[in-house]
1. For Gly119, which of the numbered conditions (1) touching a residue at least 24 places away in the same chain (Cβ under 8 Å); (2) within 14 Å of the chain's Cα centre (by Cα) fails to hold?
2. Take the conditions within 19 Å of Gln23 (Cβ to Cβ), assigned to a helix (DSSP H, G or I), more than 16 Å from the chain's Cα centre (by Cα) and acidic (Asp, Glu) and apply them to Glu88. Does it pass?
3. Which of the residues that make up segment 57-72 are among the acidic types (Asp, Glu) and over 11 Å from Glu29 (Cα atoms)?
4. Starting from segment 134-159, take each residue that is free of Cβ contacts under 8 Å to residues at least 24 places away in the same chain and list its partners that are open to solvent by less than 60 Å² (accessible area, probe 1.4 Å) and in a loop (DSSP other than H, G, I, E, B), counting only C-beta distances under 7 angstrom and pairs at least six apart or across chains.
5. Would you confirm whether or not segment 45-67 contains a residue that is open to solvent by less than 50 Å² (accessible area, probe 1.4 Å) and at positive phi?
6. It is to be established whether one or more residues within segment 124-131 are assigned to a loop (DSSP other than H, G, I, E, B) and loosely packed, with under 15 Cβ neighbours inside 10 Å.
7. Would you check which residues across segment 134-150 are out of contact with any helix residue (DSSP H, G or I) (no Cβ under 7 Å at 6 or more places or on another chain) and either over 17 Å from Ser98 (Cβ atoms) or buried (at least 20 other Cβ atoms within 10 Å of the Cβ) (or both) and list them?
8. Report, by residue number, each residue of segment 94-124 that is closer than 20 Å to Met174 by Cα and of a type in the set (A, V, I, L, M, F, W, C).
Amino acid sequence: MGQLINVVDVEATCWDGAAPPGQASEIIEIGLCVVDAGTRERAERHRILVRPRRSAVSAFCTELTGLTQEEVDTGVSFEQACGLLEREHAAGVRPWASWGDYDRRQFERQCRGVRYPFGRVHVNVKAAYSAAHGMKRRLGMAGALEHAGLPLEGRHHSGADDAWNIGALALLLMDRGAWPA
């Protein structure tokens with residue numbers, strides 16, 4: 001077994017337009033794919049549902065992510081989710097990666113008053129993929145899968161499925177020797 005990397009993808013409350021008064025975008029699902037850099041495998045797949053405190057799941061959000069208010073109401077609090085990441089997934093120790101910087105920034109925003117669960121090493125897989133392929137324009141995850149000739153497994157905008165797919169792209173970069181050290 002080699003170095004384990006947590007590939008994370010979050011889904012957050014969203015609207016078709018501006019957020020309603022008094023609401024703010026917050027994480028409702030954390031998808032996690034554990035990539036084993038030594039065996040070059042996606043070793044684990046996890047999904048943490050998070051109960052929003054300051055927002056509601058809109059019809060637009062349900063259409064995009066498949067998540068409903070009733071479903072996320074069964075989730076854990078954001079604080080509990082961060083604790084799970086630390087305790088069960090060694091998030092403070094393992095390097096972590098996401099497609100772009102949105103996920104990292106959303107955690108930073110939402111962790112005001114909550115212990116940040118991740119360590120300092122973060123890889124922006126979108127930037128690494130673009131650099132490895134000499135692209136000026138950075139592709140979305142689905143576009144990168146298509147570019148790489150890989151299938152989109154599961155539902156796009158499902159945190160667990162997207163983390164799994166990003167894990168496949170991370171492995172592709174590792175196989176090409178293009179994974180940032």
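1. (2)
2. The answer is no for Glu88.
3. Matches in segment 57-72: Glu63, Glu70.
4. Cβ pairs passing all conditions: His147/Leu139.
5. The answer is yes; a qualifying residue exists.
6. The answer is no, given that none of the residues of segment 124-131 is assigned to a loop (DSSP other than H, G, I, E, B) and loosely packed, with under 15 Cβ neighbours inside 10 Å.
7. Result: Gly134, Met135, Lys136, Arg137, Glu146, His147, Gly149.
8. Residues satisfying the conditions are Trp96, Ala97, Trp99, Val121, Val123.
The values are calculated or read from the model by the stated rules, or taken from the named source; none is laboratory data. Computed from a predicted model, the values in this text were never measured in an experiment. Glycine gets a Cβ as well: all are built from the backbone with ideal geometry, and neighbour counts include every protein chain shown. Ligands, DNA and RNA are excluded from the accessible area calculation, which covers all protein heavy atoms including side chains. Shrake-Rupley method; radii C 1.70, N 1.55, O 1.52, S 1.80 Å.
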